[in-house]
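Structure first, then comments.
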Amino acid sequence: MQENFGHYSVLLNETVDSLNIKPDGVYVDCTLGGAGHSNLIASRLSEKGRLIGIDRDEYALGKAKERLAKYGDRIMLVHTNFVDGAEVLKSHGIDRIDGVVADLGVSSFQLDDATRGFSYMQDAPLDMRMDRSEEMTAYDVVNTYSERELAKIIDMYGEERYASSIARKIVKYREEKLIETTLELSEIIKSGIPAKNKQDGPHPAKRTFQAIRIEVNGELNIISDTINNFFPMLSPGGRMAIITFHSLEDRIVKHTFLEKTVGCTCPPDFPVCVCGKKAEGRVITKKPILPSQQELDENPRSRSAKLRVLEKI
């Protein structure tokens, strides 16, 4: 069992092994969180190696700093959104790296800290910000978005079949009073789902909470940009390993990775290539790597995790 202030690093060994760590290499953890992946990466580096850890959450950075202190100057921690990470690295004179890892899930300690407002199981103010310096919260989304906007994000980001019904219930409820807490919202969501569909499967509020969290943090908008920003910095043979937790994230990663593998785009009847386009990378994982049964037993939250790996040619 992995323990670090309530954090379990999903697909830990599979992810770090997939990077083919070079002891003197430079590696980036885009989603530092509980520093599980970073700790294992750093343990495989020599004194010449370097690890840059990035996180939007200052609390996570503080805890990670304590955990990684034993590695001294090998570690650099950065408070920023990972989509801006490549530019931050360049500003510090780092323009070549050997590997990148990103775990796109919400950290366990964020879910378990009731005050953060991520959980539908504990009562707390509607927040859901990964970076508490940002202005928009879940409260703003729930209480200011139109019924149409709510239905759209719940359907698109939550893949919730009762999105329209849930949006309608939210808007109707807030006509009487604004929605302020997670359990209050959870009960409203339940009221928008037919009774027979609430008996089996995940918690009825799970998909809607996921959708609101994604909207608050702009999570899907930045995945492709992050891949495209870091990929040019990879040395030949350098790898990018990304863990996703639902189909929309996985689809974006899969397609963005595949774009890097496309070579000549000339029509088949051209005798020679005139476009000059060459494949920049190769996908290491033809199918995503999934958690083992042991990991699923230890951490049920990992059940939807998928790891994909891309190598720079």
### Query
Which residues, taken from the range 89-113, are of a type outside the set (S, T, N, Q), at negative phi and open to solvent by 30 Å² or more (accessible area, probe 1.4 Å)?
LYS90, HIS92, ASP95, ARG96, LEU111, ASP112, ASP113
### Message
I'd like to check something: does the range 264-282 contain any residue that is open to solvent by less than 60 Å² (accessible area, probe 1.4 Å) and either in a helix (DSSP H, G or I) or touching a residue at least 40 places away in the same chain (Cβ under 8 Å) (or both)?
### Response
yes
### Task
Quick one: in the range 210-248, of everything that is part of a strand (DSSP E or B) and among the small types (Gly, Ala, Ser), which residue is nearest to ARG56 (Cα to Cα)?
ALA241
### Message
Filter the range 37-88 down to the residues that are modelled with pLDDT of 95 or more, of a type in the set (Ser, Thr, Tyr) and either open to solvent by less than 30 Å² (accessible area, probe 1.4 Å) or not in a loop (DSSP other than H, G, I, E, B) (or both) and list them by number.
### Response
SER38, SER43, TYR71, THR80
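Here is a check on your reading of the model: is ASP123 assigned to a loop (DSSP other than H, G, I, E, B), touching a strand residue (DSSP E or B) at 6+ places or on another chain (Cβ under 6 Å), of a type outside the set (S, T, N, Q) and surrounded by fewer than 17 Cβ atoms within 10 Å (Cβ to Cβ)?
Details: assigned to a loop (DSSP other than H, G, I, E, B): yes; touching a strand residue (DSSP E or B) at 6+ places or on another chain (Cβ under 6 Å): yes; of a type outside the set (S, T, N, Q): yes; surrounded by fewer than 17 Cβ atoms within 10 Å (Cβ to Cβ): yes.
Yes, satisfied.
Which residue, of ALA102, ALA124, ALA167, is without any contact (Cβ under 8 Å) to a residue 60 or more places away in the chain and within 19 Å of ARG301 (Cβ to Cβ)?
From the options ALA102, ALA124, ALA167, the qualifying one is ALA124.
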### Query
Within the range 166-191, how many residues turn out to be closer than 25 Å to PHE245 by Cβ and open to solvent by less than 50 Å² (accessible area, probe 1.4 Å)?
9
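The values are calculated or read from the model by the stated rules, or taken from the named source; none is laboratory data. All figures in this text were calculated on a predicted structure; none of them were measured in a lab. Here Cβ is always computed from backbone atoms with ideal geometry, including for glycine, and neighbour counts include all displayed protein chains. Keep in mind that these areas ignore ligands, DNA and RNA; they rest on the heavy atoms of the full protein, side chains included. Shrake-Rupley method; radii C 1.70, N 1.55, O 1.52, S 1.80 Å.
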